[in-house]
Amino acid sequence: MDTRALQETSVRYFLEVVRCGSLTEAAERLNVVPSAISKQISRLEASLDTRLFERRSRGMIPNAAGELLAAYAFRNQLETERVNSEISALQGLQRGEVRLACSAGFSMELAPRALVKFRQSHPGITFHMEVATSPEITRMLSQAEVDVGLTFSQAPQPGLNVEYRITTPVMAIMHRAHPLAAEPSLTLARLAGQALGLPSRGIMSRQLFDACCSRQGLVMTTVFSTGSVAALLAFAQSEGGIVVAFAQLLREHLAANHMVAIRIRDRWLAPLDVELQTLAGRVLPQAVIAFLDTVKAELQVACG
């Protein structure tokens, strides 16, 4: 086996195929033709004298050898980032990038507000934010595509550190002119028959809501569903419907648009944990460590 192959461009191309699951998508992200990636992977397999992928009609999946190489390559990538971070630390927090992945609800107010506050003290730090579901955030963290994950969680995720956790209740959001807007609290049964706007079925809060309604045999009138929090809020504001969401993350928007949030009190509908996550075993760049403290403070204000 020629171990020099592990330090060449072919490994970078290999990792992108692992992330994307296909040559075509990897080629688009790397801005090269698919044949160039195919050639590099064939060269890598020849150097290591083993196949690295199971080639299927709908993509490429790493086999056992491919998974071992991917784990090595990811660790090597993180070590390179660690060295770069230590070099940057010698100059303080004057430059660097923080890569954040968050659930849609956090992208409306909390994450941008934390970003702006952080850059007031550290204007040389740049940010990239991905909006994704909880499983996608877990994948991006595990593959070192992002530095920080901000999402909801119901169970521990292997390979991830929880830097901070706080609970937040599910609430019913509506325009203050809605007939139920003066209620001190609501039950799921009280929402039956109302025109509801809910997150898409793949989103954790929707799964929790549907499961709780099913346990009680409640049939809800869902007239609008989407993965866009902004679209859900527009539905509640203009159509007179009710949106089920985590209102603590949206306080500024609700106040500015004459909307209210009422706690849903139901023994089947428990609050969810908000988690600030990082990859376990990774030495975090100084900019990421400092940004975590800013996000924690914002979460304490929003959910505390």
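The values are calculated or read from the model by the stated rules, or taken from the named source; none is laboratory data. It should be emphasised that the depicted structure is a prediction, and the values quoted were computed from it without experimental measurement. Virtual Cβ from ideal backbone geometry, glycine too; neighbours counted across all protein chains shown.
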If you scan the stretch 195-210, which residues turn out to be in contact (Cβ under 8 Å) with a residue 40 or more places away in the chain and either in contact with a Cys (Cβ under 8 Å, 6 or more places away or on another chain) or assigned to a helix (DSSP H, G or I) (or both)?
MET204, SER205, LEU208, PHE209
Here are some conditions: (1) at pLDDT below 90; (2) hydrophobic (A, V, I, L, M, F, W, C); (3) farther than 16 Å from LEU250 by Cα. VAL116 meets all but one. Which one does it not meet?
(1)
In the stretch 128-153, which residues are part of a strand (DSSP E or B) and out of contact with any helix residue (DSSP H, G or I) (no Cβ under 7 Å at 6 or more places or on another chain)?
HIS128
Residue pairs within 8 Å by beta carbon, gap of at least six or interchain, first lying in the stretch 276-303 and under 19 Å from PRO123 (Cα atoms) and assigned by TED's automatic domain parsing to the domain that holds LEU249, second at pLDDT 90 or above and surrounded by 21 or more Cβ atoms within 10 Å (Cβ to Cβ), listed first then second, are none
From the residues in the stretch 66-107 that are assigned to a helix (DSSP H, G or I) and under 29 Å from ALA302 (Cβ atoms), which one is modelled with the lowest pLDDT?
SER85
Some residue of the stretch 241-251 being over 24 Å from the mean Cα position of the chain (by Cα), buried (at least 19 other Cβ atoms within 10 Å of the Cβ) and over 30 Å from THR80 (Cα atoms)
yes
Contact list please: Cβ distance under 6 Å, first residue in the stretch 7-34 and more than 17 Å from MET140 (Cα to Cα), second residue of a type in the set (Lys, Arg), pairs at least six apart or on different chains.
SER10/ARG43
Test result for SER238, hydroxyl-bearing (Ser, Thr, Tyr) and surrounded by fewer than 16 Cβ atoms within 10 Å (Cβ to Cβ)
yes
Of the residues that make up the stretch 102-113, is at least one more than 18 Å from LEU233 (Cβ to Cβ), surrounded by fewer than 18 Cβ atoms within 10 Å (Cβ to Cβ) and not basic (Lys, Arg)?
no
The listed residue being surrounded by 19 or more Cβ atoms within 10 Å (Cβ to Cβ), in contact with a strand residue (DSSP E or B) (Cβ under 8 Å, 6 or more places away or on another chain) and farther than 27 Å from CYS20 by Cα, out of LEU150, LEU196
LEU196
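Residue-wise test of (1) part of a helix (DSSP H, G or I); (2) of a type outside the set (Gly, Ala, Ser); (3) at pLDDT 90 or above.
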| position | (1), (2), (3) |
| --- | --- |
| LEU218 | no, yes, yes |
| ALA230 | yes, no, no |
| PHE235 | yes, yes, yes |
| GLU252 | yes, yes, no |
| ASP266 | no, yes, no |
Going through the stretch 16-65 one residue at a time, which ones are charged (D, E, K, R) and assigned to a strand (DSSP E or B)?
GLU54, ARG55, ARG56
May I ask you to say which residue of ALA132, ALA155, ALA181 is in contact (Cβ under 8 Å) with a residue 40 or more places away in the chain and among the aliphatic types (A, V, I, L, M)?
ALA181
Find the residue count for the stretch 154-174, including only residues that are surrounded by fewer than 19 Cβ atoms within 10 Å (Cβ to Cβ), polar (S, T, N, Q) and in a loop (DSSP other than H, G, I, E, B).
1
